[in-house]
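The values are calculated or read from the model by the stated rules, or taken from the named source; none is laboratory data. Keep in mind the model is a prediction, meaning the values are calculated, not measured. When we count neighbours, we look across all protein chains shown, and the Cβ atoms used for this are built from the backbone with ideal geometry, even at glycine. SASA here: full protein model, heavy atoms, side chains in, ligands and nucleic acids out. Shrake-Rupley method; radii C 1.70, N 1.55, O 1.52, S 1.80 Å.
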Amino acid sequence: MSSPVPTEWITDELVRFCDIVGGGTPDRAVHEYWGGQIPWVSPTEVTSLASKYISKTKEGLTQLGLDKSSAKLHPPGTLLMTSRASIGYVAINTVPMATNQGFQSLRCKDGTLADYMYQYITWVRPELERLSAGSTFSEISSVNVKRLRVTLPPRPEQQKIATILSSVDDVIEKTRAQIDKLKDLKTGMMQELLTKGIGHTEFKDSPVGPIPAEWMVVRLGGSLECIDSGWSPSCIEIPPVPGKWGVLKVSSVTRGEFLENESKTLPDELLPRNNAQVHAGDVLLTRANGVAELVGKCVIVRKEPQAKLMMSDKILRLKPSQTLHNEFLLHVFNSQIIRKQIELSWGGSSGQKNIGQSDIKSYLIPLPSVEEQRLIARSITQVERVVFDQNKKLVALMNTKKALMQDLLTGKVRVKLTDKESAVV
């Protein structure tokens, strides 16, 4: 932010370009204000917002007695910026909204466009987080917000820059929406195929719920050849180069794609353990994690890793027998059928949850014929691959926007204005 900027641009403290308005304490009683309902927006709604505009809050709007409280009512066009816990997330309100102490909101002065400032605040969010460091809890003060250094081009360039970046935002938002729909489709397919199968007309009750009459319910241990565990030596915190030995991090296992770069390099003085090395076709799962939802994640290694990667001691490998197709195992383990059993069986303390090999072997699974397992797995995997491809597209779009922000918001790359755009005041 300290590099030279175009001569006609202005660099100054944020308070020169925006009025900074803190939040207040709302009156929880139900009152009327100006004869109507005032939407109440919380910091969590802004931090989870995909779009930059917010027109209403989630269900259960609260009528606020703003005439009897210090909660702040913001006119449309205000940048509602979170200032506690999750710092620097911002949304522009399109209707009057009220905020509490979790916000330091920005009201743009003449010459400053809200759409441009939205992009700028989004770009410098890491700096806002840095300024909040050292407080008793994560919070940025109005003093630090006011002192934030901002670079502002003339209004026509503000508009053009905001338009370019907003167009990328629109594509990102549509891609996220597509991913959400695909995930819903996959969830529905898993529920349908893993409980009803393909082409069945007769069903029976079972310990895992209604299933086709031809299926069995078995304990997972009876359909596994073995469960392999890994180890966690002290490693170098960079991924190993192709051909070298490394150890996988827990983050290498996702519900979707195996991430081989989520790994650490084994020091030369340590001998590798060949029996812990992962290969194409392996089904891996996380047995422990500080985040409960991440315990029991399962993934298949679809191609041979370029490096020689070993499981850590928090990752297990499930080796299915000939009666269990490896991709069917993958999907059934990531389904609610197993999830419910995981949550009943895990142990741990100090926030760490874990499942043991004996627990895993005791889990009940529905078991169709191997051929039907293959057909079911193929259908689910096809949707899963599309989700993965869309996620790659989303990452690429976000990286594109990050690069554009660096170029456009510093003036490193100047936008070209038409005569009509140059006349914007």
Extension reserve of the Ser86-His279 stretch, reckoned as 0.36 nm per residue once the Cα distance is removed
65.5 nm
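Return an integer: the convex hull volume of the alpha-carbon atoms of the range 172-317, in Å³ per residue.
Numbers: hull volume 23.2 nm³, N = 146.
Each residue corresponds to 159 Å³ of Cα convex hull volume.
When Rg is the radius of gyration of the Cα atoms in the chain and Rh is its Kirkwood radius, what does Rg/Rh come to? List each step's numbers first, then the result.
Numbers: Rg = 26.9 Å, Rh = 25.4 Å.
On the Cα set of the chain, Rg over Rh gives 1.06.
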Sorted by accessible surface (1.4 Å probe, heavy atoms of the protein chains only), largest first, Cys298, Cys108 come out as Cys108, Cys298
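Given R₀ = 41 Å, what would the calculated FRET efficiency be for Ser142 paired with Val413, taking r from the Cβ atoms and rounding to 0.05? Write down the numbers at each step before the final one.
On the way: r = 33 Å, r/R0 = 0.80.
Given R0 = 41 Å and the Cβ-Cβ separation, E is 0.80.
Helices from the chain with mean Kyte-Doolittle at least 1.0 and a Cα length along the axis of 18 Å or more, per DSSP H: which?
None clear 18 Å together with a mean of 1.0.
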With just the Cα atoms defining each centre, how far is the range 228-252 from the range 278-350? Give it in Å.
17 Å
Solution diffusion estimate, µm²/s, Stokes-Einstein, the range 277-416, Kirkwood Rh from C-alpha pairs, 25 °C, viscosity 0.890 mPa s
138 µm²/s
Once every DSSP H run of n ≥ 4 in the chain is given -39500 (n - 2.57) and the sum is divided by its residues, what mean residue ellipticity at 222 nm do you get, rounded to the nearest 500 deg cm²/dmol?
-10500 deg cm²/dmol
Measure of compaction for the range 325-381 (Cα Rg per 2.2 N^0.38 Å):
1.31
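Compute the semi-axes of the equivalent ellipsoid of the range 184-251, taking the square root of 5 times each eigenvalue of the Cα gyration tensor, and list them largest first in whole Å.
Details: eigenvalues 334, 58, 21 Å².
Computed over the range 184-251, the values are 41, 17, 10 Å.
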Report, to one decimal in Å, the Kirkwood hydrodynamic radius for the range 95-201 based on all distinct Cα pairs.
18.0 Å
Which one of Trp40, Val217, Ser206 has its Cα pushed farthest toward the positive end of the charge dipole of the chain, where Lys and Arg give +1 and Asp and Glu give -1 at the Cβ?
Trp40
7 Å from Cα along Cα→Cβ at both Val395 and Thr201: what's the point-to-point distance in nm?
4.7 nm
